[in-house]
1. Within the group 121, 99, 51, which residue is at negative phi, surrounded by fewer than 16 Cβ atoms within 10 Å (Cβ to Cβ) and touching a residue at least 24 places away in the same chain (Cβ under 8 Å)?
2. Evaluate the following for residue 84: is it surrounded by fewer than 16 Cβ atoms within 10 Å (Cβ to Cβ), in the same structural domain as residue 11 (by TED's automatic domain parsing) and not small (Gly, Ala, Ser)?
3. Here is a check on your reading of the model: is residue 75 of a type outside the set (Ser, Thr, Tyr) and touching a Phe, Trp or Tyr at 6+ places or on another chain (Cβ under 7 Å)?
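The values are calculated or read from the model by the stated rules, or taken from the named source; none is laboratory data. Keep in mind that this is a model prediction, so the values were computed, not measured. Neighbour counts run over all protein chains shown; Cβ positions are idealised from the backbone, glycine included.
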Amino acid sequence: MPTRIKTYKRTFMRQFDEIHEQSFGKGTKPPKLGYPDTGNGWYSKKLPYKQWYEMNVAQRMHLNYLEGITFVILVSIIGGISYPMEVFYAQIAYIIGRQLFAVAYYNMGPIFRVPGVIGLQYGQWACAYYSIKTCLTLLE
């Protein structure tokens, strides 16, 4: 959210007032913070490269998180039935890895996300392992 706040300030969004008013009626203004633009839309076409890049990095981090969280939640719930402490520690590794990933990716670029990826992958696969182990135990 800090990137969106920094990118789509009211001073930037003023340039869209006229076209927005033409499209949606007199007295209307473009939405605050550039919504629904996700970094490659109508508003972002007018961004300088640096701001466009930062917005898209932030968006990519957000989507990467969403892509993995469903799996982690599912295997954590299943694995936690029989191995609550092991899954808890795996989730800690996942959370630390996720934070390292985000900080490194945002501040230093895509190549520096690798240490975070290792931690979050360990957490994901450990939870998956305990999930499978729980299922096999319950089948006995």
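1. 121
2. In short, no.
3. no
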